[in-house]
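Read the figures in this text as sums done on the coordinates, not as results from a lab. Quick caveat, the model's predicted, so the values are computed rather than measured. Virtual Cβ from ideal backbone geometry, glycine too; neighbours counted across all protein chains shown.
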Amino acid sequence: MYYNNLCGKLSLGLSRELWIVEAGIFLNYLGWGAVMPFELIYLHEGRGLSLGVAGVVVGVVTGLAVVAAPAAGPVIDRFGARATVAGAGVALAVGYAGLAAAHTAPQALLAATAAGVGNGALVPAQSTLLAALAPSDLRPRATAVSRVASNGGIGLGAALGGLVAAHGTGGLAALFVANAVTYVLYALILIATVRRDERPEPLPGGYRLLLRDRPFVHLALINVALIAVGWGLFTWIVPPYAREQLGASPQLIGALLFANAVTVVLAQIPVARLSEGRRRGPTMAVAALAFVLACLVVVAAGLLDAALLLFAAVILVAIGECFHTTVLMPLVADLARPALRGRYMAAIGLSWWLGLALAPTLGAQALTVSPAGTFLAAGGLALAAGLSALALGRELPKGVGLTPQPANRSL
């Protein structure tokens, strides 16, 4: 009896199929984390493409996701999340294997197109699959574990990738091939082991019904703002700010990103458990508050010329990320009818990509005008999003306003 109880607590109540999906997420991000820091370097130095062309190729992988994400929604609802995840994995595998073999710009762009389509479809399909496999009361925990898996995979992958990349062009090409293999393995594992998948009867109306769901539209707009500040600003704008304004070394900038990832790995599951039984609007407002404080700390670091203060900022951001993701995907799953869940996940994925696109586009321009003003404006945007999250909490339908408690509260 003690052994069974211990196993239940360690598993967080998640099923075997859910743990297989979580392991696949870790595998995917392990491969991607190994490749991500070296994409531009490989295409520019290893394959002789100009830096501008290499940037376009890498941009296609991300940019196409904006188009592919909403297009993936009806595919998920029609063919099921498991099949769509597997198909997206195959597209990504073809894309990254193609990038490993590309020697010309057209070849690289063709490969990037395949990877971009897979990139846009994978995340909403994966989120839909997690929602289908997890009962409502365990979705926050399933989401928390997926965040730990992705951040842990990226961190370990980047460390291993650095060792392999030291072997020159051959090592870099091997990283792209290895990343492609992880996507294929994930697709095969899903097909072989995961049997359950929602494929309800189609519901006429599609995205029109989604756009009439005012709480969801409100949530998506909040998400654009929080992603732009919490993820986009601190991924793309803080590093050049730290380098140019505070004289931070590349090693320090790398340590900042590592500190953020480690904090998420350590805090995500405890935060998810802390949020159980609590109102979702205020929980998301806590995330926004953490982002506001992080922006103020960055401004203070500039005024005091204290680069080490940035560690406090990225840790605050990581804690905010934990509160945000504890609410976001489980709430989307609860708002959506099963027949439209793929579209809901695709639409919230689109809001995610839009937030990520806005941060470097607007943030880089603002940084040239006023570094302190950039982060004060970002803090103001996060504050507005937090107040909007409190208002959203009052709009949510009855039964979804609280993060549910697990049915077995001893887990």
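Once the cut-off is 15 Å, how many percent of the Cα-Cα pairs in the stretch 364-411 end up in the long-distance tail?
Beyond 15 Å sits 65 percent of the P(r) for the stretch 364-411.
Roughly how big is the chain's charge dipole about its Cα centre, with Cβ charges of +1 (Lys, Arg) and -1 (Asp, Glu), in debye to the nearest 20?
Value, rounded to 20: 1100 debye.
Place +1 on the Cβ of every Lys and Arg and -1 on the Cβ of every Asp and Glu in the stretch 207-395, take the dipole about the Cα centre, and give the residue among 287, 376, 332 whose Cα lies farthest towards its positive end.
332
Can you work out the base-10 log of I(q)/I(0) for the stretch 207-395 at q = 0.08 1/Å, using the Debye formula on its C-alpha atoms alone?
Here the Debye-derived log intensity ratios amount to -0.26.
Of the candidates 385, 93, 105, which one comes out as most mobile in a Gaussian network treatment of the chain with C-alpha springs shorter than 10 Å?
In this elastic network of the chain, the residue with the biggest mean-square fluctuation among 385, 93, 105 is 105.
Quote the charge dipole size of the stretch 205-323 about the Cα centre in Debye, to the nearest 20; the model charges only the Cβ of Lys and Arg (+1) and of Asp and Glu (-1).
580 debye
Considering the dipole of the chain built from charges on the beta carbon (Lys and Arg +1, Asp and Glu -1) around the Cα centre, which of 248, 347, 34 is farthest to its positive end?
Going by the charge dipole, the pick is 347.
Residue farthest toward the positive end of the dipole of the chain, with Cβ of Lys/Arg at +1 and Asp/Glu at -1: which of 309, 14, 180?
Checked the options; the winner is 14.
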